Amino acid sequence: MGALTDKYCIVGVGETQQMRPSNRTTLSMACEAISNAMADAGLKPSDIDGMTSYQVADSTSSAHVATALGMRLNYCLDIFGGGSSTEALVAHAVGLIEAGYAKTIVCFRSMNGRSGRRMGGQIPGGPIPAAMAADDNQFNMGWGWTTPAQRFGMSAMRYLRDTGCTTKAFAEIAVAHRYHATLNPKAIYRSPITIEDHQRSRWVVKPFRLLDCCTETDVSAAIIVTSRERAYDLRHPPVFIMGGYARTMTESPQWNYSRPVIHYVAGNYGWKRAFGMAGISHRDVDFVSCYDAFTFTTLIQLEANGFCGHGEAGEFVKGGRLQIDHELPSNLSGGHLSEGYTHGVQMVIENVRQLRHRADDACPGWREGKHTYDRAKGCRQVKKARICCGMAWGWENMASCLILRGMAA
Amino acid sequence: MSEYTKPLPKPSPTSRPFWDAAKRHQLMLQRCGACGQFIYYPRDRCPNCFADELKWQRASGLGKVYSYTVVHRASSRHFMEPYILAIVELDEGPKMTTNIVADPRAVHVDMPVAVYFDDVTPDRTLVKFKAA
């Protein structure tokens with residue numbers, strides 16, 4: 001096991017509503033999310049002495065948030081990054097606290113991802129800024145290659161050809177995550193869908209249909225990390241950080257298309273580190289979260305992280321395997337596909353709530369951990385929620401993972 | 001002729017020979033003098049052996065489709081839908097991001113293609129491909 005396994009914990013989680021549009025600043029949303037996370041943990045602003053965030057030049061900074069909340073920080077850092085950053089900042093917090101740079105660190109993301117700067121870089125309906133076709137973008141943007149759907153679509157198309165998988169496997173993921181969203185009062189899309197609904201939805205970027213693509217929302221979300229000893233006195237039983245990997249990369253990381261196999265993604269290089277650190281096997285994992293910017297991104301990460309063999313993910317997800325009460329429930333809040341888009345934070349937040357046995361569902365007693373497990377009545381708590389593997393990525397060539405353990409049975 | 005409104009690639013000192021060659025309707029790749037590997041996109045050192053003996057060499061312009069997407073919903077109003085984005089694996093080895101100029105229903109993985117030079121402005125030519 002890793003030297004720091006179980007020494008550090010997630011003690012507070014919080015977010016704003018998923019909004020379209022928010023009509024708010026990213027500062028205002030970040031303050032609300034962090035306040036909610038502090039209330040969840042039973043902490044006050046003076047208890048937080050470290051703050052980190054990630055963004056893609058679309059958000060407020062730690063200094064602004066600390067000023068607004070009246071915090072004096074011993075450590076602050078805002079990084080440039082998208083998916084895979086949440087888990088990396090949690091890893092970062094563990095190292096910082098261990099080394100004595102801070103005691104209790106909040107990590108946040110705040111974005112007007114629908115009403116402001118959308119993924120792909122353009123203002124809605126507007127022109128692409130000329131500067132964007134320079135430097136690193138001179139070999140893609142001029143041909144109309146600008147969006148995540150186009151990039152992942154390229155890997156997905158080749159994956160289908162190399163493995164014989166069909167888009168029905170994509171549908172399994174859309175249906176599973178949507179089913180979980182029907183049990184989540186916070187989710188944007190709450191009507192159940194079928195495999196056929198997926199197959200009938202219109203093309204966005206072939207081989208992706210509308211129901212393969214995540215939603216875009218305005219939201220902020222925050223996570224608080226501290227040491228095990230400090231966690232004992234807080235509001236909830238701690239959720240222990242067992243292990244992970246952080247922004248692990250493939251070879252030739254910036255230009256995925258030049259790699260020998262473009263769908264051999266970064267998780268392949270990381271998962272032995274995470275599972276080794278945690279001292280567990282895949283059989284010990286009760287549920288997963290799996291970054292779903294697209295259905296395909298969930299599919300490919302399951303095999304990259306060793307839950308099944310290469311080229312086998314299409315078979316693996318068949319028959320509702322990723323749905324609650326089946327073998328490996330995935331993205332229990334509905335994920336990016338159906339709950340809303342937080343650049344990965346909400347998956348970690350949902351995992352924490354599940355591991356505490358306090359999924360915020362329709363059960364009247366969820367705050368006390370009392371669940372009915374009756375899905376028809378809106379219960380979304382996994383019965384056996386002890387260990388969770390969270391898999392996240394930014395692109396094919398960069399990924400993170402966070403294995404967490406709860407105390408509830 | 002109407003004004004070209006799509007984003008135009010801006011050459012860097014390292015990539016300028018590639019863009020200048022495209023304007024002459026030649027596909028030029030870098031090749032490492034030490035290990036012999038062909039390289040795309042243009043750079044300063046060989047990513048295979050780290051030698052700094054890269055030389056420009058004319059490529060055959062032939063290859064096949066490694067993967068592709070058909071864009072039915074573009075992110076910018078400057079691109080007409082649907083269009084084909086592709087990764088073409090050149091006979092020399094490297095892969096290029098490009099467009100296939102074809103009916104979207106006709107394109108497939110492993111389709112043989114040949115280079116096609118699209119003079120989008122008097123100063124800039126985009127390297128695209130058509131069915132071979």
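The values are calculated or read from the model by the stated rules, or taken from the named source; none is laboratory data. Since the model is a prediction, treat every value here as computed from it, not as a measurement. Note: ideal-geometry Cβ built from the backbone for every residue, glycine included; neighbour counts use all protein chains shown. What goes into the accessible areas is simple: the full protein's heavy atoms, side chains included, and nothing from ligands, DNA or RNA. Shrake-Rupley method; radii C 1.70, N 1.55, O 1.52, S 1.80 Å.
State the number of residues belonging to segment A:144-165 that are within 7 Å of another protein chain (Cβ to nearest Cβ) and closer than 22 Å to B:Leu126 by Cβ.
8
Checking B:Ser75 against (1) out of contact with any strand residue (DSSP E or B) (no Cβ under 7 Å at 6 or more places or on another chain); (2) more than 9 Å from every other protein chain (Cβ to nearest Cβ); (3) buried (at least 20 other Cβ atoms within 10 Å of the Cβ): exactly one of these is not met. Which one?
Going through (1) out of contact with any strand residue (DSSP E or B) (no Cβ under 7 Å at 6 or more places or on another chain); (2) more than 9 Å from every other protein chain (Cβ to nearest Cβ); (3) buried (at least 20 other Cβ atoms within 10 Å of the Cβ) one by one, B:Ser75 breaks only (2).
Kindly state which strands (runs of 3 or more DSSP E) lie completely within segment A:203-304 and contain at least 2 residues that are at pLDDT 95 or above and surrounded by 24 or more Cβ atoms within 10 Å (Cβ to Cβ).
Per the criteria, A:218-227, A:239-249, A:287-290.
May I ask you to list pairs of residues, at least six apart or on different chains, whose Cβ atoms are under 7 Å apart, with the first in segment A:18-35 being within 17 Å of A:Ile223 (Cα to Cα) and assigned to a loop (DSSP other than H, G, I, E, B) and the second being among the hydrophobic types (A, V, I, L, M, F, W, C) and modelled with pLDDT of 95 or more?
Going by the 7 Å Cβ cut-off, the qualifying pairs are A:Gln18/A:Ile188; A:Gln18/A:Val219.
Quick test for you: out of A:Gly116, A:Gly83, pick the one residue that is at pLDDT below 95, open to solvent by less than 10 Å² (accessible area, probe 1.4 Å) and assigned to a loop (DSSP other than H, G, I, E, B).
A:Gly83
Among the residues of segment A:246-299, which ones are within 14 Å of chain B (Cβ to nearest Cβ) and polar (S, T, N, Q)?
Passing the criteria: A:Thr250, A:Ser252, A:Gln254, A:Asn256, A:Ser258.
If you scan segment A:152-174, which residues turn out to be assigned to a helix (DSSP H, G or I) and in contact with a Leu (Cβ under 9 Å, 6 or more places away or on another chain)?
A:Gly153, A:Met154, A:Ala156, A:Tyr159, A:Thr167, A:Ala169, A:Phe170, A:Ala171, A:Glu172, A:Ile173, A:Ala174
Got at least one residue in segment B:41-56 being open to solvent by 10 Å² or more (accessible area, probe 1.4 Å), in contact (Cβ under 8 Å) with a residue 24 or more places away in the chain and facing chain A (nearest Cβ under 7 Å)?
Yes, segment B:41-56 contains at least one residue that is open to solvent by 10 Å² or more (accessible area, probe 1.4 Å), in contact (Cβ under 8 Å) with a residue 24 or more places away in the chain and facing chain A (nearest Cβ under 7 Å).
Any residue in segment A:306-334 that is in contact (Cβ under 8 Å) with a residue 12 or more places away in the chain and farther than 21 Å from A:Ala156 by Cβ sitting within a Cβ distance under 7 Å of a residue that is in a helix (DSSP H, G or I) and of a type in the set (S, T, N, Q)? List the pairs, counting only those 6 or more apart or interchain.
Here the result reads A:Leu332/A:Gln354; A:Ser333/A:Gln346, each pair linking segment A:306-334 to a residue that is in a helix (DSSP H, G or I) and of a type in the set (S, T, N, Q).
Taking B:Pro17 and the conditions (1) within 14 Å of chain A (Cβ to nearest Cβ); (2) of a type outside the set (Asp, Glu); (3) under 13 Å from the mean Cα position of the chain (by Cα), which numbered condition does it fall short on, given that it satisfies the others?
Failing condition for B:Pro17: (3).
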